[in-house]
1. For region A:180-290, build the charge dipole from Cβ charges (+1 Lys, Arg; -1 Asp, Glu) around the Cα centre, then report which of A:Ala258, A:Gly283, A:Val239 sits farthest towards its positive end.
2. If the cut-off is 16 Å between C-alpha atoms, which lysines fall inside it for B:Lys170, apart from same-chain ones fewer than 8 positions away?
3. In terms of the ratio Rg/(2.2 N^0.38 Å) built on C-alpha atoms, what value belongs to chain B?
4. Equivalent ellipsoid semi-axes for region B:242-306, as square roots of 5 times the alpha carbon gyration tensor eigenvalues: give them largest first, rounded to whole Å.
5. Provide the convex hull volume over Cα atoms per residue for chain A, in Å³.
6. With runs of 4+ DSSP H residues as the only contributors, calculate the mean residue ellipticity of chain B at 222 nm using -39,500 (n - 2.57) per run, divided by the residue total and rounded to the nearest 500.
7. Compute the relative contact order of region A:2-318 as a whole-number percentage, counting only Cα pairs closer than 8 Å that sit 6 or more residues apart in sequence.
8. Which one of B:Pro166, B:Ile215, B:Val258 has its Cα pushed farthest toward the positive end of the charge dipole of region B:117-265, where Lys and Arg give +1 and Asp and Glu give -1 at the Cβ?
Amino acid sequence: MRVLVTGLGTFWGSRLAQQLERDPAVELVVGVDTSPPQVPLERTEFVQADSSYGVLQRVVRATGVDTVVHTHLEVDSTRTSARHLHETNVIGTTNLLAAAGAEGSSVRKVVVKSSTLVYGTTASDPYWFREDAVRPRTAATPVERSMLEVTDLVRDFTVDNPGVVVTELRCANVLGADVSTVFSRLLRMPAVPEVLGFDPRLQFVHEDDVTSALAFAARHDVPGAFNVAGPRVTTWSSVCAALGRRRVAMPPVLTNLAAAPLRFARVADIPPEVLALLRFGRGVDTTRLRRRGFTYAYDTPATVEAFARAVRRERVVGRSTPYQYAPALETFLRTSHAIR
Amino acid sequence: MFPGAVTASEPPLRVVRGHVEPDGVETDLATADATTPALDPDDDLDLAPVDGWGRSERIRGIARALYEPVYRYWLRVEWEGMEHIPLDGGALLVGNHGGAIPSDAPSVMHGIERELLRPVYGLAENLFRSIPVVGTLWSRAGGVPAHPDNAYRLLHDEQQLVLVFPEGTKATGKLWRERYQLRRFGRGGFVEIAMRAGVPVVPMAIVGNDETMPILVKSDRLAKLLHLPYFPVTANQFVYGPVLGYVVPLPAKLRIRVMPPIHFTVPPGQERYNRGVVMDEAERIRDIIQVAVHDMLETRRSVWRG
């Protein structure tokens, strides 16, 4: 198996590459990103380049990869502008799929890390979204819009390339010791926002389970869309209680307006899609991927518990220092004659 | 926690020190998502205080304790034919609705849980979900938004008892003079869900509910303004005052007659069912309930004493 990982500089790209390169069945791992990997990698080839069509098409053709894992998707709207979200998610995916589907392409499998954002959050939602759920309303926020467009692109690609196994993994909100998400940042604050009078059902998935799911899809043939979320649900109040956080109520009307000063004062950036979640919550059915043989190491309550433990530990001993990519060192380790 | 809560579904993944062990190889995955909390309550109840539907056995217990005197001494609920409600397996309970803020739903849920030790999930308008505090408590007490996917999952995947009032707010918004005249049974969606899930419909006729909170007049303009299905002035407000008159029911005697379950002959699991067949069945169930309601009214001597 020869694998191309997009977004090698993201948390997911780095973790996935790390997991894949340990597998002797994986012959080659190539990663493309503008930023360097976040974890030390033994044999993954890092190509520091943007995700333009020209670059991706050349890399795909030159390496002859058979599997592409697309992790370079931004689902955290607090980190970047709507314009940039569109550029990364929609244009990046368009370029990648075009490169993977180019004439004479060696690609036989494409795995896309999508998000449960595609289902949106409204009062009229079913409590458990299945993968074939039809979204009742149009996207409410830029990040949801871009992810829905990605879903459409993936669907078109699946139809146009019947010989390619296409997997879309729709991940729920992630928690874990190392990953930084909107929820992990909210829950690290001394007081945590809630919407007055609402205590939503929420699902979380552990960072290790997301990496495993990506690797699972890369190793097995599992065509179609799959929800990736810790089985079962928890409530926002019990998540806050598990972390020992006090809750601060936001008004149930004009909540977005109330969140704006917090954003400007840089106290907390709570995007509208997260405020909607804090009101109505979301549950997704995780049966389909488990039927295909994937097992979760953590269900939703266990994910929250693991995160709470990590936060308690880091309050005492601090967070571990992040890995710094050193090109010279990597070149030395991989190519020098001194290495045995 | 009462035993009925966990019997209907397979145990979920068992959580041991932050890790999950698949509970045997043959775990029924279809139900593993939404089942009640794991079996070791000390470990897990804090992090999963609700089941997959937001229902909390703790809140449910409090609600039962608070509602018991109302059920027993105020409405003096009396059941007839409760043996028709299955002790296991899914079933859709269908009744006639009544009262501005209806007492029939909590009474049916309370009575079945008390007698049969089985949880009942009550389907209701999405409207509830959007109201702060009320929506959360409603969900904790066993209310579920009436989405077809929710009903199907509860009935088919989890084999639970589900309560639905197909007339919806058209029935609870009836005026005093329209009492016990059953409204349209929606578009028969409830029949279609029961057919697809392969579960029986259990019809229930309820008498007394329309007198627990009769509507004297309604304001369409205020209802529209507040985005409510109706804005009533209730008889209760002349007794208990303007606010409590929306909360406290009048002490009408509540009688519930459960009729034999209706099993459908069509094969389950189909995407679509013949509209004619669905509407026929819905009409038939409505007629059964209407006839029973008339019968119960004919034998009723007094609204208050039954």
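Just so you know, all these numbers are worked out from the coordinates, no wet-lab data involved. Everything numeric in this text was worked out from a predicted model, so none of it was measured. Virtual Cβ from ideal backbone geometry, glycine too; neighbours counted across all protein chains shown.
1. Comparing the listed Cα positions along the dipole, A:Ala258 ranks first.
2. Counting by Cα, and skipping residues close in sequence, B:Lys170 has these lysines nearby: B:Lys218, B:Lys224.
3. For chain B, the normalised Cα radius of gyration is 1.02.
4. Details: eigenvalues 243, 62, 21 Å².
In descending order, the three semi-axes are 35, 18, 10 Å.
5. On the way: hull volume 48.5 nm³, N = 340.
Convex hull of Cα atoms, per residue: 143 Å³.
6. Values: 14 runs with 108 residues, N = 306.
Computed mean residue ellipticity for chain B: -9500 deg cm²/dmol.
7. Numbers: 605 pairs, mean separation 55.8, N = 317.
Reported as a whole number, the value is 18 percent.
8. Value computed over the given set: B:Ile215.
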